Every structure is written in C-alpha cells, then in structure tokens.
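Working notes, structure below.
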Amino acid sequence: MTCAEPLADTRLKRRSRVAALVCLVMAFLLPASVAAVLAYAGPGALVSGSPSGFDPTRLALFLAGLAGFAPALLAGAALLSARACLEVFAAGRWFEPDAAAALRRMAARMIAAAAAALVAPTAIWLILSAGAPEGERMLVVEIGSGPLLGVVLGAAVWLISDVMARAAELAADHAEIV
Amino acid sequence: MGIVVTLDVMLARRKMRSRELAVEIGLTEANLSLLKQGRVKGVRFETLARLCAALDCQPGDLLHHAKDNADPADRARDV
C-alpha cells in the first residue's frame with residue numbers, strides 16, 4: 001500500500017537537511033576561525049588578561065596554540081556528529097540506532113570540548129610562562145558560564161541519546177507488529 | 001511463542017491469493033507473508049478485524065494457542 005508522506009515529515013526532513021548543512025559548515029568554520037586568531041594574535045589572545053612581557057619559545061607557543069585550538073577542534077567534531085544524526089533524520093529515519101549513536105558521540109565531544117575550554121586558559125598561561133623567571137610564572141583559572149553550560153548541555157544530550165536508543169528499540173519492536 | 005497463525009489455511013479454504021488479501025486489507029505483501037509465517041511480534045486489532053472481514057471468519061480461525069514444544073507447522077495442519 002502506498003500513501004502520501006505527511007507534510008510534517010517532509011518539513012522535518014527538510015529542516016534536518018538544512019541543519020545538517022549548517023553543522024557541516026560550522027564544523028569547519030569554527031576551528032578555522034580559531035586557527036586564524038591563533039595565527040594572527042597568538043595563543044594569549046584566546047584568554048582574557050594580558051601577558052606580562054613573556055618571551056616564550058617557539059615550542060611553548062606551538063603547545064599553547066594547541067591547547068587553545070583543542071576546544072574548537074572538539075566542538076567541530078561534535079558538530080560533525082550532530083550532522084551525522086541530522087542526516088539520519090533527513091532520510092526520514094526518526095528512531096534509528098545510528099541517530100542515537102551519533103547523538104551520543106556528539107554529547108561526548110561536547111563535554112570534551114567544554115572541559116577543554118575550561119582548562120585551556122590555565123594550560124595556555126602555564127605553557128607560555130613556563131620559561132619566565134621564578135615568581136613571574138602565571139597560573140590562570142577561568143571559569144565562565146559558557147564552558148559550564150557546554151558540560152551541562154552535553155550531559156543533557158547524552159541522556160537524550162539514551163532515550164533515543166530506547167526509542168529505536170521500541171520502533172524496531174513496533175515494526176514487527178502488523 | 002505459543003500462538004500459531006493459520007492464515008494460510010483460511011486462505012486456502014476461501015481460495016484466495018495472498019496478493020488479493022493484501023490489497024483488500026491494505027497490508028503489504030511482505031508483511032502479510034511474515035504474518036502467515038508467524039514471524040511477527042503482534043497483530044493489531046485493526047488488522048485482525050480487516051482479515052476477519054475479508055475472509056469472513058473469526059479471529060479464532062486465524063490464531064490458535066498451542067503448547068511450545070510442538071511443531072507449529074504440524075499444529076497448523078491439524079486445524
């Protein structure tokens with residue numbers, strides 16, 4: 001038996017497709033913009049406060065840049081996982097184990113990105129000031145609402161992915177009822 | 001499972017083809033085939049009502065309960 005697809009399904013598929021595309025673009029734009037800031041202004045530009053005349057080595061600059069780049073890279077990876085999940089929705093497969101798995105990967109990467117963003121300022125300044133004379137080394141601790149919200153959101157998405165996995169099991173069960 | 005589907009028996013009695021029945025009750029042939037083989041986890045009341053209407057029978061003519069250790073094919077033949 002063939003029947004026309006409900007309008008709501010068509011809309012949801014279209015929105016999912018658009019959102020997947022946005023996620024893909026953002027997944028590359030976000031790390032690229034952070035890399036551009038790092039290349040232009042140096043790792044110290046990623047954290048508030050100003051350096052007190054340090055002269056870090058090239059290796060220290062590279063490592064600090066890496067520490068500053070990690071959150072953006074992980075956020076980009078989370079967006080790619082979000083895209084994978086949205087692609088499943090765009091195909092009209094609402095309750096699939098694939099979507100649940102992609103959502104869980106996204107949650108894990110979101111939490112990792114937020115955790116990296118929390119420790120990045122500390123790591124950056126520790127690395128940059130490692131070569132400074134004793135008494136001039138810096139220990140910066142930055143706790144902002146952004147990274148904390150990222151951890152909370154990541155945990156919430158993780159829970160939703162567990163619910164999605166359960167929904168996928170139920171959908172598979174339901175498909176065996178004629 | 002202890003439920004044996006005897007839809008094929010009823011189809012033979014009514015001299016009806018699976019395809020005709022599938023079209024009449026609005027089920028895909030694939031799903032009807034799975035139902036005939038008893039490879040489904042459940043049947044909706046709605047589907048059962050359509051089957052009964054199409055085959056002019058009662059639910060009991062299509063489904064039987066049998067002990068688990070017996071061969072379902074044998075039981076279907078006994079009906």
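The values are calculated or read from the model by the stated rules, or taken from the named source; none is laboratory data. Everything quoted here is computed from the prediction, not taken from an experiment. Methodologically, a virtual Cβ is constructed for each residue, glycine included, from the backbone with ideal geometry; neighbour enumeration extends over all protein chains shown.
Note on the stretch B:1-42: residues that are within 14 Å of A:ALA175 (Cβ to Cβ) and in contact with a helix residue (DSSP H, G or I) (Cβ under 7 Å, 6 or more places away or on another chain) amount to 5.
When we screen A:ALA20, A:ALA36 for residues that are out of contact with any helix residue (DSSP H, G or I) (no Cβ under 9 Å at 6 or more places or on another chain), modelled with pLDDT of 90 or more and part of a helix (DSSP H, G or I), the only hit is A:ALA36. Among the candidates A:ALA117, A:ALA107, the residue that is at pLDDT below 95 and in contact with a helix residue (DSSP H, G or I) (Cβ under 8 Å, 6 or more places away or on another chain) is uniquely A:ALA117.
When the stretch A:125-149 is limited to residues that are touching a residue at least 60 places away in the same chain (Cβ under 8 Å), of a type in the set (Gly, Ala, Ser) and closer than 18 Å to A:GLY68 by Cβ, the one that is surrounded by the fewest Cβ atoms within 10 Å (Cβ to Cβ) turns out to be A:GLY131.
Among the candidates A:ALA120, A:ALA156, A:ALA172, which residue alone is surrounded by 14 or more Cβ atoms within 10 Å (Cβ to Cβ), among the small types (Gly, Ala, Ser) and in a helix (DSSP H, G or I)?
A:ALA120 is the lone residue from the list that is surrounded by 14 or more Cβ atoms within 10 Å (Cβ to Cβ), among the small types (Gly, Ala, Ser) and in a helix (DSSP H, G or I).
Scanning the stretch B:46-65 for residues that are assigned to a helix (DSSP H, G or I) and away from chain A (no Cβ under 11 Å) yields a count of 9. Residues in the stretch A:18-42 that are surrounded by 15 or more Cβ atoms within 10 Å (Cβ to Cβ) and not hydrophobic (A, V, I, L, M, F, W, C) were compared, and the one that is nearest to the other protein chains (Cβ to nearest Cβ) is A:PRO31. Among the residues of the stretch B:1-24, those identified as buried (at least 20 other Cβ atoms within 10 Å of the Cβ) and either within 14 Å of chain A (Cβ to nearest Cβ) or touching a strand residue (DSSP E or B) at 6+ places or on another chain (Cβ under 9 Å) (or both) are B:VAL4, B:VAL5, B:THR6, B:LEU7, B:LEU21. Annotation: of all residues in the stretch B:30-39 being in contact (Cβ under 8 Å) with a residue 12 or more places away in the chain and crowded, with 16+ Cβ neighbours inside 10 Å, the one that is nearest to the other protein chains (Cβ to nearest Cβ) is B:LEU35.
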